[in-house]
Structure formats: structure tokens, C-alpha cells
1. Can you tell me which residue within region 134-173, out of those that are within 27 Å of Leu259 (Cβ to Cβ) and away from the ligand (no atom under 15 Å from the Cβ), is surrounded by the fewest Cβ atoms within 10 Å (Cβ to Cβ)?
2. So, Gly58, is that one assigned to a loop (DSSP other than H, G, I, E, B), more than 16 Å from the ligand (Cβ to nearest atom), free of Cβ contacts under 8 Å to residues at least 24 places away in the same chain and at positive phi or not?
3. Pro92: more than 30 Å from Lys241 (Cα to Cα) and away from the ligand (no atom under 16 Å from the Cβ), yes or no?
4. Among the residues of region 278-288, is any within 25 Å of Gly179 (Cα to Cα), among the acidic types (Asp, Glu) and out of contact with any Pro (no Cβ under 8 Å at 6 or more places or on another chain)?
5. List every residue pair whose Cβ atoms lie under 7 Å apart, where the two residues are 6 or more positions apart in sequence or sit on different chains, the first residue falls within region 9-28 and is under 26 Å from Met160 (Cα atoms), and the second residue, located anywhere, is in a helix (DSSP H, G or I) and β-branched (Val, Ile, Thr).
6. List every residue pair whose Cβ atoms sit under 8 Å apart, with the two residues 6 or more apart in sequence or on different chains, where the first one lies in region 256-278 and is without any contact (Cβ under 8 Å) to a residue 24 or more places away in the chain and closer than 19 Å to Ala300 by Cα and the second, anywhere, is in a loop (DSSP other than H, G, I, E, B) and of a type in the set (A, V, I, L, M, F, W, C).
7. Write out, first by first residue and then by second, each pair whose Cβ atoms fall under 9 Å of each other, whose residues are 6+ apart or on separate chains, and whose first residue, in region 309-325, is touching a residue at least 12 places away in the same chain (Cβ under 8 Å) while the second is part of a helix (DSSP H, G or I) and polar (S, T, N, Q).
8. Only residues that are of a type outside the set (D, E, K, R) and either surrounded by fewer than 19 Cβ atoms within 10 Å (Cβ to Cβ) or in contact with a Gly (Cβ under 6 Å, 6 or more places away or on another chain) (or both): list them for region 122-132, please.
Amino acid sequence: MLQHFYTLNSTASSIDFAFWLITAIVTFFAVFNGALTFYFLWRFNAKRNPKPRIDLEGNIPLEVFWTLVPTVLVFVFFWYGYVAFKGVRDFPEDSLYVKVTGRMWSWTFEYPNGEVTTELIVPVGKPVVLEVTSADVIHSFYVPAFRNKIDAIPGMKTYMWFTAPELGDYDVLCAEYCGLRHAYMLTKVVAKTEEEFKQEVFAGPAPAVASAGETSGATVALAATAPAAPSEADLAKKGEKLTKVKACVSCHSTDGSRLVGPSFKGLWASKHLVTTADGGEHEVTVDDAYVARAIKEPNAEVVKGYPAAMTPQTLSDDDITAVIAYLKSIQ
Ligand code: CUA
């Protein structure tokens, strides 16, 4: 047990050790001093002791004792706190480097190869350094299992590192109140084996599929250079990923439930009364033009009954086409 406590290369155990050490010593003195106070109240009550029995001027050894002991204790607290803090701040060499962006209300993770995910996938047992920032307001990236969190601040980069000790999922929370859906700004650190990790994050674009029989290198290379138009299903898939990466789904549910904005489910081709910036109202049908406008100028025509809470998003025309394909797929 104690051996585990002293494993200082793991930040969580050194933080836990500092926490429990301080808690134990402080609890001991709180109980001891409290008990002594009540004992003295009873023992030296004026009714029981009408006249002081001794005239105490002072006691040098006792005063030295109760000055030295707390001083030593405070330095012990400092030392273990410092060791834990150093473990958090000293970044190991050869780490995986991931850029983390917080936004209202989701997290995205960008890997060195440009791959973007909405869950932080890491190889188990390998140190990971995070470069954290925010696209809007202040958030805080918090992984309770690692006893570690760092603020995500717009226009600034902050850093933290960790090693996921075991395969599995670790909850990620936002630890800085950032608005309506702060409590739902959740994701996971997913620790996988090195192989699974590489496959998932560093796989690159899927190779073009050669038709049956055509397995020679030349044929595959030719097939790969001729770009085929993406199928509607692929487009919808890309659109679905975009709605996660761009945090659309923080405010627009995909199951029909009401969040900050209208649900994506059943949105396509539906008719809505919208309010314009000048206070006018008219009916629109959710089509290509409306979706494109709602992404680029979200407050131009706001669906009635919903707040004008969305910030304009920068999506390419291809991305918007993909989002539209996705909306069509979840009617
Ligand atoms: Cu983001 Cu709270």
C-alpha cells in the first residue's frame, strides 16, 4: 500500500498521497484539540476551581515545542505538495502531442496527423501532452481519475500531461462554469493498445476498393487516383462527424428532444415560423438554402420559440453539403 503511495512517476498517486497525508494530520489535530478543549472546560471550570491553584508565567520548553512541531509539519505539507506539483508540471520526453479545444459545449482533439476526434483516444501506458485552448469562453479540462485539470482559455495555450495506466474509459468533465450546457460538456479519454490506437487515429483515408480480381498494384493505384463522387451515405457520415466536431450537437439533439435549439431529427423539409432581426415573422421550409444560411448567419432567421443563441460557423460548401446529407438521413 505504502509502496503504491510512493510511486511518484504517476501524478495521481503523488497527489493522492499529499491529500491523504494532510487530511490525516489535520484530522488528528482537529480531534485532539477539540477533545482537549472540552476536557479543560470541564476540569478548570470556575465552580470547580474558585481560586487559581498555580500562577503560571510561561514555559519556554513548551513554547519552543509548539512552535517547532507545526513549523516542521507545514514544511512536510509543502514538500509532498511540491513533489506532486512537480510531477504534474514536468512533461516527459517522447509524448504523444494532442491539441484540445473546448467550446460551448464540447471538446475536440486534434492529433499530429490532423485527425480530429470528439473522444481523446490514447495509447495505454504512454505519456500524452495536451495543448489546451478554447474557441469561446473559459472552460476547464478535467479528468478526475488522473487528478488533473487545466483551464481552457481563449487566445491562450495551457498544457497538461498524463499517462493512462490501464485500458478503458476515463471520464472528462468541464470544471469551469461556461453557460447553459456546462454540465453536459462531457467526453472520455479512451485508452487503447498501441496497435488499436494507431489503427483508429493514424489510419489515414480508406484505400480505394478495387473490384474483384483487380488486385495488382497498378490497378489499385489507378483506382485510387480517380476520385469517385462520394455516396450519399458517406456524405451523411461525414456530416454526422462534423456536427460533433463543430459542437452542433451540444445544442441540437438528434433524437427529437429539445435542447438550446431545434432538434436535428425531423428538421429537414419541415416548415417553421422564423423571426428575423427586424422583428418580422415568416414561414420557411428547411431546405439547402435555409440550412446554409442558418449555419453562416444563424441569427438572420431564428426559429420562433428558440433563443438567438448561436454563433456564426465557418464551414466550407462541401461541409455544408455533408451536413445537409446527414439531416436528410435522420428525418
Ligand atoms: Cu465548458 Cu463548463
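1. Out of the qualifying residues, it is Asp169.
2. Answer is yes for this residue.
3. yes
4. No, region 278-288 has no match at all.
5. Taking only residues 6 or more apart or on different chains, the pairs are Thr11/Val88; Ser14/Val83.
6. Ser270/Val286; Lys271/Val286; Ala277/Ala300
7. Val323/Thr243
8. Val124, Gly125, Pro127, Val129 - these are the residues of region 122-132 that are of a type outside the set (D, E, K, R) and either surrounded by fewer than 19 Cβ atoms within 10 Å (Cβ to Cβ) or in contact with a Gly (Cβ under 6 Å, 6 or more places away or on another chain) (or both).
The values are calculated or read from the model by the stated rules, or taken from the named source; none is laboratory data. Here the structure is a predicted model, which means the values were calculated and not measured. Don't worry about glycine lacking a Cβ; one is built from the backbone with ideal geometry, like all the others, and counts go over all protein chains shown.
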